[in-house]
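Participant: So that we are looking at the same thing, I have put the structure below in structure tokens.
Every number here is computed from the coordinates shown, using simple stated rules; none is lab data. Since the structure is predicted, the reported quantities are computational estimates derived from the model, not experimental observations. Here the Cβ is made from the backbone with ideal geometry for all residues, glycine too, and neighbour counts use every protein chain on show.
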């Protein structure tokens, strides 16, 4: 008798048969089997480069926040409150007529200074003043926990100043990338032309030449994940030797970093090269580069011609997005990035009931317990390393929903009468200086790196914490009304994913205190890397577009976390079912529902341009491979769908790490 794939009943409370493709064998392409109908019925909307489960939830959150910000703009309430700040921000961003009237005038003083640049010292001083606004020329700097003593903060300095998405865009010689570089020069020329530059074409060509020289010394996206490359402590007194012409110590003083004992330099060779390149560049090229970097950082806050030109290259050319999102969506997105906890306070009051937090706390406890048992049962790891791993796991901090202590925004100045670009630069500057002001303080245990409205989650290796904002704790990822199999297969796998990040190729290099320190025996580390190399080789073989393959090394951390997260979520579900019984729901077993929920989490459609961009820059694998490339390493998946050994998604020797 031929294989009959399991299908949900018409009254299934979660899964819909029209969302699936029963013509596809689940052992051949589980992603298509679970999501084929949904993908066929949901073409990428013109306003998006991708449409996925995450985007569906983000759109619901946006619609809620839209109403809240409209209300705050109309009735902002008392000054220096989240509602007032949010209202001022939104009202300014929606004042299109005012933005057009102001033109570039709010930036005039910076353009005047650019016109006066004569030396790299002049560029440095201007760069220090603009860095808090998000303008990098070509140095980035910020504060984070010290990688060798995570109880205190450290100043981190890194490579920056490139306008293309990733270092290799400057050097690949395939036709697509060569065309992208031509389009990039045309884009720079258009932006400079809009700003009144009469020699914009010549200036744009010189900027590409300068950025290409900088890129020669820049790390690739894969290299930026290599902790041995990016952790380089320097005594402050030794920084002068890195950039003798530009003057790195002076730059950091001018930014506002005082009494600094040591600094982490993410890419010393890049800073050395940048010093020589900028020192040797013609003065007019330095001026053009500074104009371009300022315009690029401000584009979304400038008149429509600038914003449209920026979108045409970064959104349409690189991402495949056909049209810009609505004005209110663009303003809301910038608010979420620049005043995240202001926006989050409005969101949480409306969208996250206390009972949801209690249910998630229970799930996290079960997942941590499952990871604990998984470590204990590892046959390939010695007792000494297991003990260290368990100690680390026991030290995890969990943050759910929203901060217990909201960020102090004292001093945030969002003037009702300020120009849109001025207001946005003020918001960015506040956050930059807030973090810089913590440099000499102990690390704040209450700090959140995301807004509570974000549809995302993260593990912070220096804080040894897993964080799940309220934004992601809703359907289809989590529902208090869903059966356990669905919740464990969706949000449970996400929770497990973040837990496993503490033990992936990067997270495993940090100890229980969040310090970059070895806790492995040599033999165990070698075995771990042997096992993770299996995933590297596996994902290197995936080809989402003809001639474009997934980078298994770049995506390794996420692939480890996907596999580990789904594994511990599965075992946590088994423990839960042992206490509640194993009733089938909608004609599907609990195990089938678990894996279907996981597949549904990653359903997406995206433009070819967006796929290309993500594969070359993003540490996350494309969705179909996050699904199929994970389940094929789980024998439990084959058992759930009664697959025989001949099925493509059944491996004789699957990867087993955690």
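Participant: How do 629-636, 141-148 rank on mean C-beta neighbours within 10 Å, highest first? Each step should come with its number before you reach the end.
Facilitator: On the way: 629-636: 21.6, 141-148: 19.5.
So the peptides 629-636, 141-148, ranked by packing, come out 629-636, 141-148.
Participant: For the range 18-99, take the convex hull of the Cα atoms, compute a quarter of its surface area, and give me that in nm², please. Spell out each step's value before the answer.
Facilitator: Numbers: hull surface 32.7 nm².
For the Cα atoms of the range 18-99, the hull's average projected area reads 8.2 nm².
Participant: Can I ask one more? State, to one decimal in nm, how far the label point of residue 10 lies from the label point of residue 645, with both points 7 Å from Cα in the Cβ direction.
Facilitator: Going by the 7 Å Cα→Cβ label model, 4.2 nm.
Participant: Please report the antiparallel percentage of the DSSP beta bridges confined to the chain, to the nearest 5. Write out the running numbers ahead of the final one.
Facilitator: Numbers: 20 of 28 bridges.
Just about 70 percent of them are antiparallel.
Participant: Here is a follow-up. Which order do the peptides 227-240, 266-279 come out in when sorted by mean C-beta neighbours inside 10 angstrom, highest first? Could you put the intermediate results ahead of the total?
Facilitator: Working: 227-240: 14.3, 266-279: 19.8.
By packing density, highest mean first, the sequence is 266-279, 227-240.
Participant: Once you treat every alpha carbon in the chain as an equal point and sum by Debye, what is log10 I(q)/I(0) at q = 0.09, 0.11 Å⁻¹?
Facilitator: Results for the chain at q = 0.09, 0.11 Å⁻¹ read -0.82, -1.25.
Participant: How large is the translational diffusion coefficient of the range 435-547 in µm² per second when you combine the Kirkwood radius over alpha carbon pairs with Stokes-Einstein at 4 °C and 1.567 mPa s? The partial results should precede the final answer.
Facilitator: Numbers: Rh = 17.0 Å.
Using the Kirkwood radius from Cα pairs, D works out to 76 µm²/s.
Participant: Something else: Hey, for a label at residue 152 modelled as a point 7 Å past Cα toward Cβ, could you say which residues of the range 237-274 have their backbone N under 18 Å away?
Facilitator: Residues 237-239, 257-265 fall inside that zone.
Participant: Please tell me the relative contact order of the chain in percent, rounded to the nearest whole number, where contacts are Cα pairs under 8 Å and at least six residues apart.
Facilitator: Numbers: 1024 pairs, mean separation 136.1, N = 658.
Normalised by residue count, the contact order of the chain is 21 percent.
Participant: Let me ask something else. Output the 0 to 90 degree angle, nearest 10, between the alpha-carbon long axis of helix 30-41 and the longest principal axis computed from the alpha carbons of the chain.
Facilitator: 60 degrees
Participant: Rounded to a whole number of µm²/s, how large is the Stokes-Einstein D of the range 327-382 at 10 °C and 1.306 mPa s, given Rh as the Kirkwood radius over C-alpha pairs?
Facilitator: Numbers: Rh = 14.8 Å.
My calculation gives 108 µm²/s for D.
Participant: Distance in nm between label sites at residue 241 and residue 96, each 7 Å beyond Cα in the beta-carbon direction?
Facilitator: Using points 7 Å along Cα→Cβ, the separation is 5.7 nm.
Participant: Something else now. Take the Cα atoms of the range 575-616, find their three principal axes, and give me the spread along each one in whole Å, biggest first.
Facilitator: 47, 21, 9
Participant: Limiting things to C-alpha atoms, what are the Rg and the maximum Cα-Cα separation (Dmax) for the range 584-658, in angstroms?
Facilitator: When restricted to the Cα atoms of the range 584-658, Rg and Dmax are 14.6, 42 Å.
Participant: Another question, then. Using only the alpha-carbon atoms, how far is helix 82-94 inclined from the longest principal axis of the chain? Give it as 0 to 90 degrees, nearest 10.
Facilitator: Tilt relative to the chain: about 70 degrees.
Participant: Between residue 549 and residue 259, what length in nm is gained on full extension when 0.36 nm per residue of separation is reduced by their alpha carbon distance?
Facilitator: On the way: separation 290, 0.36 × 290 = 104.40 nm, distance 4.71 nm.
Full extension from residue 549 to residue 259 adds 99.7 nm.
Participant: Report, as a whole number in µm² per second, the diffusion coefficient that Stokes-Einstein gives for the range 301-401 at 4 °C and 1.567 mPa s using the Kirkwood radius over alpha carbon pairs.
Facilitator: Working: Rh = 18.4 Å.
Using the Kirkwood radius from Cα pairs, D works out to 71 µm²/s.
Participant: At what distance in nm do the modelled label points of residue 575 and residue 434 sit from each other, each positioned 7 Å from its Cα along Cα→Cβ?
Facilitator: 3.7 nm
Participant: Starting from 0.36 nm per residue, how many nanometres of slack lie between residue 355 and residue 47 once their C-alpha separation is accounted for?
Facilitator: 107.4 nm
Participant: Then there is this: Please work out whether the range 187-253 counts as rounded, prolate or oblate from its C-alpha gyration tensor, where a ≥ b ≥ c are the square roots of the eigenvalues and a/c under 1.5 means rounded, while otherwise a/b larger than b/c means prolate and anything else oblate?
Facilitator: On the way: a/c = 3.24, a/b = 1.74, b/c = 1.86.
Oblate is the answer for the range 187-253, as a/c is 1.5 or above yet b/c matches or exceeds a/b.
Participant: From the square roots a ≥ b ≥ c of the eigenvalues of the alpha-carbon gyration tensor of the range 521-658, which class results: rounded (a/c under 1.5), prolate (a/b over b/c), or oblate? Don't skip to the end; give the middle numbers.
Facilitator: Values: a/c = 1.98, a/b = 1.33, b/c = 1.49.
Oblate shape, in that a/c is at least 1.5 and b/c is the bigger or equal ratio.
Participant: Now a separate question. Please find the FRET efficiency linking residue 481 to residue 378, where r is the Cβ-Cβ separation and R0 is fixed at 30 Å, and quote it to the nearest 0.05.
Facilitator: Details: r = 36 Å, r/R0 = 1.19.
Result of the calculation: an efficiency of 0.25.
Participant: Per-residue ellipticity at 222 nm for the chain, helices alone: DSSP H runs ≥ 4 residues times -39500 (n - 2.57), over residue total, nearest 500 deg cm²/dmol? Show your work: numbers first, answer last.
Facilitator: On the way: 26 runs with 329 residues, N = 658.
Per the formula, -15500 deg cm²/dmol.
Participant: For helix 120-130, report the angle its Cα long axis makes with the longest principal axis of the Cα atoms of the chain; keep it between 0 and 90° and round to the nearest 10°.
Facilitator: Relative to the chain, helix 120-130 is tipped by roughly 60 degrees.
Participant: Right, another one. Quick one: P(r) of the range 118-283 from all Cα-Cα pairs, 5 Å bins, percents rounded to integers, in order of increasing distance.
Facilitator: Whole-percent P(r) values from 0 Å outward: 1, 8, 16, 19, 20, 16, 10, 6, 3, 1, 0.
Participant: Taking a ≥ b ≥ c as the square roots of the eigenvalues of the Cα gyration tensor of the range 93-157, is the shape rounded (a/c under 1.5), prolate (a/b larger than b/c) or oblate?
Facilitator: Judged from the Cα gyration tensor, the range 93-157 comes out oblate (a/c at least 1.5, b/c at or above a/b).
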